[in-house]
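Peer 1: First the structure, then my questions, so here it is.
The values are calculated or read from the model by the stated rules, or taken from the named source; none is laboratory data. Worth saying up front: this structure is predicted, and the values here are computed from it rather than measured. Cβ placement follows ideal geometry from the backbone for every residue including glycine, while neighbour counts extend to all protein chains displayed.
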Amino acid sequence: MSLRIVHIIDSGGFYGAEAMLLTLCEAQLRQGLNVEVISIGRPGNYEKAIETRLLERNIPCKIWRMPPWPDIRVSMSIYRWCASTHTHIIHSHGYKGNILMGLLPRRFRRIPVVSTMHGYTIKRGFSLLNVKYWVDKKILRRLDALVMVSSSMKQQISADRWNNRVHVIPNGISRLAPLDDTHNYPEVFSLSGPKIVSMGRLSKEKNFGLLISAMVGVLKKIHDAKLIIFGEGKERVQLEAQISDLGLNDYVFLPGYIDQPAIIFKKTDVFINCSTTEGMPVTLLEAMREGCLIAATDIPANRVLLENLTPPPPLTPLLPDALADAIAGLLLLNDDEKRNRKQNAIEYFRSNFTDDIMAERYFTLYEQLFAST
């Protein structure tokens, strides 16, 4: 019997959680599973980025529009549709799906519900988002299993109250990067000097201001180094002002969002993750897949991901000088040491973080839950 898995997501763009879901669905289809995605959102005549990409890859997608606040009537409608299509597992990705399924009493639900926790971006003080996360944490306990993409995330919930229902399954990505048929790299890659690259939403938790400040120290040792930060977000104006104030306009570049980021790693000398908080940084997996040299800030998710890589990449405190020293140290390694580190990164990735490994771990969990019903 082929298991039928219905994934639920309320997507606000195409970022880490969406990329992980797309990758997981493709791997599960290769496993022979029957997979479909419910994409929920507010009413309106529009198509979400995740819906476009699912359709492009022939992954079944049911578009489900609903009011912004969860309603038990919507919960019942989704559950009954899942039951009518002979679904074996409901897999939620995000607080909206968690709450919709958690509103249903466990004695009523015959289909096990799994939630993958991709990470919270907590804002200081009162905010509507923090209220939603608070409700999410309360209702998660009513689900059948919680998957964290990194063991470092256990501190975000009271995992000991879950009675062994908490599992850790790291994200995975394709073993091979997508082929680049255009070779249309951003113009900055034609400039001289080693290329230091980072990537993500231009938001406070990504901490790109720290990386820009660190470039002052890097340039003292490597005079022609270039920093390229891909992404868009609310912090662009502040970051551009910082670049100008530090006199770094010829050395730091913000090219914007890139649709196929995998190709960039082929041109990268050092990849940086400078975040203050992460769930499971997929960009680091992409960098390892291409054998990039890596430096990262010493936060739990980065530490858990990188500490078993030999030798461990430099993990720095949230200080510009420390990050600058780590970057320069990598760039100044001799060629043999660089080749050794690159090969170790590729092998470490292939042994632990491919999409097939991720899908097999989820399949094991699904079987356990289905057998217990």
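Peer 1: M199 passes all but one of (1) in contact with a Leu (Cβ under 9 Å, 6 or more places away or on another chain); (2) over 15 Å from H93 (Cα atoms); (3) modelled with pLDDT of 90 or more; which number fails?
Peer 2: Result: M199 passes all but (1).
Peer 1: Return the only residue of G233, G247 being on the phi > 0 side of the Ramachandran plot, touching a Leu at 6+ places or on another chain (Cβ under 7 Å) and either outside any strand (DSSP E or B) or touching a residue at least 12 places away in the same chain (Cβ under 8 Å) (or both).
Peer 2: One residue alone meets the criteria, G233.
Peer 1: Quick check: is even one residue across region 77-98 crowded, with 20+ Cβ neighbours inside 10 Å, in contact with a helix residue (DSSP H, G or I) (Cβ under 7 Å, 6 or more places away or on another chain), aromatic (F, W, Y) and under 24 Å from K138 (Cβ atoms)?
Peer 2: Checking region 77-98: at least one residue is crowded, with 20+ Cβ neighbours inside 10 Å, in contact with a helix residue (DSSP H, G or I) (Cβ under 7 Å, 6 or more places away or on another chain), aromatic (F, W, Y) and under 24 Å from K138 (Cβ atoms).
Peer 1: Determine whether region 344-360 contains at least one residue that is over 22 Å from the mean Cα position of the chain (by Cα) and either at pLDDT 95 or above or not assigned by TED's automatic domain parsing to the domain that holds K221 (or both).
Peer 2: Within region 344-360 (the criterion being over 22 Å from the mean Cα position of the chain (by Cα) and either at pLDDT 95 or above or not assigned by TED's automatic domain parsing to the domain that holds K221 (or both)), the answer is yes, since at least one residue qualifies.
Peer 1: All but one of (1) modelled with pLDDT of 95 or more; (2) farther than 25 Å from L176 by Cβ hold for N340, so report the exception by its number.
Peer 2: N340 satisfies every listed condition except (2).
Peer 1: Here's a check for you: in region 250-296, which residue that is outside any loop (DSSP other than H, G, I, E, B) and among the β-branched types (V, I, T) is modelled with the lowest pLDDT?
Peer 2: Only one residue tops the list, namely I263.
Peer 1: Right, something else. Show me the helices (runs of 4 or more DSSP H) entirely contained within region 297-373 in which 3 or more residues are farther than 20 Å from K266 by Cα.
Peer 2: Filter on region 297-373 gives 300-306, 320-331, 355-371.
Peer 1: Among the numbered criteria (1) without any contact (Cβ under 8 Å) to a residue 12 or more places away in the chain; (2) surrounded by 14 or more Cβ atoms within 10 Å (Cβ to Cβ), which single criterion is violated by D336?
Peer 2: Only one criterion in (1) without any contact (Cβ under 8 Å) to a residue 12 or more places away in the chain; (2) surrounded by 14 or more Cβ atoms within 10 Å (Cβ to Cβ) is unmet by D336, namely (2).
Peer 1: Moving on. Name the single residue that is surrounded by the fewest Cβ atoms within 10 Å (Cβ to Cβ) among those in region 20-60 being hydroxyl-bearing (S, T, Y) and farther than 20 Å from N171 by Cα.
Peer 2: Here the residue is Y46.
Peer 1: Out of G16, G94, report the one residue that is under 23 Å from L369 (Cα atoms) and at pLDDT below 95.
Peer 2: G94
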